[in-house]
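The structure appears right after this line, and notes come after that.
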Amino acid sequence: MTRVVHTKTSGVVSPSPSLSPRGPESWPLWQFALNFCAAQKADALEGLMERACRSVCPQVCLPAKEWSLHWTYRQGGLKGLRNVYKNLRVMRPVSLGFYEIYIKIEAAQLEPDLKRLRSAFEEACGQFGSTETDLWLNYIQMEREVGGSDSQGGVVYQRAGQSLKPELRETFIRKHALVGVTA
């Protein structure tokens, strides 16, 4: 049985590694602790989030960063989200889902901030652009919808063709053609 332990010295709630078959590397255990603290409005939640995000185990830190973005946006709004994104994006590793969550929330605003969206897409493409065709397609779509510029979308298209692994270029071209037909 797994338990959440409150350590009196630090005041931070954390999963008890001795009670879990996978120890501190168990994301479901961390997720339970985070959800529990969030539901209880515990003061220890911020410290627990930080510990999870700083975990050396990618199975914990990657979903913890995504969880933190969602939670912060729900609790602190767009300003809080931007602050957390700014802090977490420099803590490697970062998942593609992390960028997708941030981009989706930024793009959903009444007046999306094109500069912030481009910056997030650029960073995501820098890390995942050689293997993620859909990331490039979403970037092109954002340029059309938010940026209002087909020419900038064309520049992104060319960069995608150069950045993607050769075996993915044909897939990208096909998907882009399909998106162009349905757009």
Scan region 91-110 and give yes if some residue there is modelled with pLDDT of 95 or more, touching a His at 6+ places or on another chain (Cβ under 7 Å) and of a type outside the set (S, T, N, Q), otherwise no.
yes
Taking GLU111 as meeting all but one of (1) over 22 Å from LEU29 (Cα atoms); (2) in a helix (DSSP H, G or I), write down the number of the exception.
(2)
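I'm trying to understand the selection: among the residues of region 96-106, which are under 13 Å from ALA64 (Cβ atoms) and surrounded by fewer than 17 Cβ atoms within 10 Å (Cβ to Cβ)? Quick ask: steps written out before the conclusion?
Of the residues in region 96-106, the ones under 13 Å from ALA64 (Cβ atoms) are 97-98, 101.
Result: GLY97, single match.
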Taking region 108-144 and keeping residues exposed (fewer than 13 other Cβ atoms within 10 Å of the Cβ), free of Cβ contacts under 8 Å to residues at least 24 places away in the same chain and either of a type in the set (D, E, K, R) or under 19 Å from LEU69 (Cα atoms) (or both) leaves ALA108, GLU111, LYS115
Do the conditions hold for ARG169, that is, is it assigned to a helix (DSSP H, G or I), over 21 Å from the mean Cα position of the chain (by Cα) and surrounded by 15 or more Cβ atoms within 10 Å (Cβ to Cβ)?
yes
Flag if GLU122 is acidic (Asp, Glu) and in a helix (DSSP H, G or I)
yes
Only one of LEU110, LEU88, LEU117 that is touching an Asp or Glu at 6+ places or on another chain (Cβ under 7 Å) and under 24 Å from ARG74 (Cβ atoms):
LEU117
Please work out which residue is surrounded by the most Cβ atoms within 10 Å (Cβ to Cβ), limiting yourself to region 15-54 and to residues that are polar (S, T, N, Q) and modelled with pLDDT under 55.
SER20
Does any residue of region 71-90 turn out to be buried (at least 18 other Cβ atoms within 10 Å of the Cβ), of a type outside the set (Phe, Trp, Tyr) and farther than 19 Å from GLU123 by Cα?
yes
Test GLY161 against the criterion of being surrounded by fewer than 17 Cβ atoms within 10 Å (Cβ to Cβ) and at pLDDT below 95, and give yes or no.
no
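The values are calculated or read from the model by the stated rules, or taken from the named source; none is laboratory data. As the structure is a computational prediction, the values presented were derived from the model and not from experiment. Using ideal geometry, Cβ is built from the backbone for each residue, glycine included, and neighbour counts are taken over all protein chains shown.
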